[in-house]
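The values are calculated or read from the model by the stated rules, or taken from the named source; none is laboratory data. If you're wondering where the values come from, they're calculated on a predicted model, not measured in any experiment. Neighbour counts are summed over all protein chains in view; Cβ atoms, including those assigned to glycine, are modelled from backbone coordinates with ideal geometry.
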Amino acid sequence: MKNTIGNSVAVTLFGESHGEAIGAVIDGLAPGLDINREYIAHMLTLRRPDGRISTPRKEKDEFRIVSGVVNDKTTGTPITILIPNENVQSGDYSQMKTVARPSHADYTAECKYHGFQDSRGGGHFSGRITAALVAAGAICKYALEQKDILIGTHVKRCGGVSDRDFDNLSEDVKDLNEKVFAVLDEEKGEAMREAILQAASEGDSVGGVLETVILGMPEGVGEPWFDSVESMLSHMMFSIPAVKGIEFGAGFDIVDMRGSMANDPMRLEENKVVTTTNNNGGINGGITNGMPIVFRTAIKPTPTIFKPQDTIDFRAMEEAVLSPKGRHDPAIVHRARIVQDAAAAIVMCDALAMRFGTDWLG
């Protein structure tokens with residue numbers, strides 16, 4: 001049973017949705033990195049619920065760093081972050097202790113943990129745990145920015161509405177990192193919000209697509225096979241609750257192109273190798289080529305909805321009908337965006353440490 005990801009830079013998550021606290025341990029970061037607590041708090045703010053399009057559960061996310069940092073500098077030893085849980089309503093989940101929510105982890109958790117799992121609010125499987133991932137990723141993301149490596153994500157599609165494409169990448173990324181609802185076209189964002197509210201009014205939920213760009217990654221990072229940049233990012237992204245797919249560059253659309261269209265022509269620009277297109281998303285042979293890394297993830301609709309659903313009582317082994325109670329998001333794609341930023345930052349720090357050594361970020 002493993003809750004750790006990473007090679008040179010590793011992150012372990014712990015805690016449950018309705019437990020005393022959640023948290024993360026980061027091991028392998030270089031000594032001397034700046035810890036910007038306001039930056040961490042800002043990223044946690046971007047993960048919090050956003051009005052009527054999110055869960056009513058409100059948490060302060062007042063994190064504490066209890067090891068690995070002295071005078072706001074990393075010591076090089078494991079960093080432990082604690083985030084208390086305060087606004088819990090465990091009674092809402094009494095029915096779901098033995099009755100599985102369709103497309104949730106209730107039944108599979110029972111299969112793996114034999115009834116000893118904490119089922120309140122989804123326990124260790126809850127999206128609440130992503131707050132710890134965001135806090136850990138914020139430390140990594142800030143360290144990357146000191147090396148001019150920028151990461152930004154927008155809601156590319158939600159509720160049948162599509163955002164515009166990236167244009168001026170660096171300006172778009174900086175703009176997105178200040179937005180609660182991260183879209184590039186505000187009118188499209190309002191239409192997405194309306195689609196989420198419509199689903200919520202019907203007791204239902206919607207999913208979406210997130211698109212992430214990573215700027216400034218040096219060429220030559222990654223491995224040809226099992227630690228390719230694509231495989232490392234994919235491993236991490238599929239660890240985010242609700243992610244059901246990922247594509248890089250042109251993604252699945254590349255299958256409808258001929259090689260003459262899919263290939264990225266190369267040229268020199270101020271003595272630097274660049275490509276005139278980026279259909280491969282900044283990665284060739286599992287290794288960065290210096291162009292922007294671009295990928296998209298598919299976020300499924302929130303599985304807990306306010307409609308009766310056929311299911312089973314896995315202790316009594318009887319069929320049942322579930323009408324969930326509690327506080328749930330009609331969409332999580334807009335909140336998952338900052339989780340995706342944080343997750344990508346952790347992977348990039350790990351990949352850079354593997355290529356250049358653990359002190360490279362220092």
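Taking the criterion of being in a loop (DSSP other than H, G, I, E, B), modelled with pLDDT of 90 or more and either charged (D, E, K, R) or more than 26 Å from T80 (Cβ to Cβ) (or both), the residues of region 108-166 that qualify are K147, D148, G159, G160, D163, R164, D165, F166.
Quick check: is even one residue across region 295-302 among the polar types (S, T, N, Q), under 19 Å from the mean Cα position of the chain (by Cα) and either at pLDDT below 95 or over 25 Å from D341 (Cα atoms) (or both)? Taking every residue of region 295-302 in turn, at least one turns out to be among the polar types (S, T, N, Q), under 19 Å from the mean Cα position of the chain (by Cα) and either at pLDDT below 95 or over 25 Å from D341 (Cα atoms) (or both). Residue pairs whose Cβ atoms lie under 9 Å apart, separated by 6 or more positions or on different chains, with the first residue in region 148-171 and surrounded by fewer than 14 Cβ atoms within 10 Å (Cβ to Cβ) and the second part of a strand (DSSP E or B) and basic (K, R), are D165/K156.
Note on region 288-342: residues that are of a type in the set (A, V, I, L, M, F, W, C), over 30 Å from W225 (Cα atoms) and in contact with a helix residue (DSSP H, G or I) (Cβ under 6 Å, 6 or more places away or on another chain) amount to 2. For region 1-47, a residue qualifies if it is among the polar types (S, T, N, Q) and in a loop (DSSP other than H, G, I, E, B), and the qualifying residues are N3, N7, S8, S17, N36.
Name every residue in region 313-336 that is surrounded by 17 or more Cβ atoms within 10 Å (Cβ to Cβ) and outside any loop (DSSP other than H, G, I, E, B), in order of residue number. Scanning region 313-336 gives L322, V333, H334, R335, A336. Surrounded by fewer than 19 Cβ atoms within 10 Å (Cβ to Cβ) and at pLDDT 95 or above, is that true of T75? For T75, the condition - surrounded by fewer than 19 Cβ atoms within 10 Å (Cβ to Cβ) and at pLDDT 95 or above - is met. Condition check: out of contact with any helix residue (DSSP H, G or I) (no Cβ under 9 Å at 6 or more places or on another chain) and more than 15 Å from E219 (Cα to Cα). Does P241 satisfy that? When the stated conditions are applied, P241 does not pass them. Picking from residues in region 38-72 that are of a type in the set (D, E) and under 15 Å from L133 (Cα atoms), the one that is modelled with the lowest pLDDT is D61. Test N279 against the criterion of being buried (at least 19 other Cβ atoms within 10 Å of the Cβ) and under 29 Å from N177 (Cβ atoms), and give yes or no. When the stated conditions are applied, N279 does not pass them.
In the set (1) within 28 Å of V173 (Cβ to Cβ); (2) at pLDDT 90 or above; (3) touching a Ser or Thr at 6+ places or on another chain (Cβ under 8 Å), T80 fails one condition alone, (1).
For region 255-276, name all the residues that are closer than 27 Å to R157 by Cα and surrounded by fewer than 16 Cβ atoms within 10 Å (Cβ to Cβ). Passing the criteria: V255, D256, M257, R258, M261, N263, T276. Quick one: what pairs do we get from region 22-51, first residue touching a residue at least 60 places away in the same chain (Cβ under 8 Å) and within 25 Å of K174 (Cα to Cα), second of a type in the set (S, T, Y) and surrounded by 17 or more Cβ atoms within 10 Å (Cβ to Cβ), C-beta under 6 Å, 6+ apart or different chains? Taking only residues 6 or more apart or on different chains, the pairs are L29/T74; L33/T74; N36/Y142; Y39/Y142; P49/T55. D359 passes every criterion in (1) outside any loop (DSSP other than H, G, I, E, B); (2) more than 30 Å from A262 (Cα to Cα); (3) among the acidic types (D, E) apart from (1).
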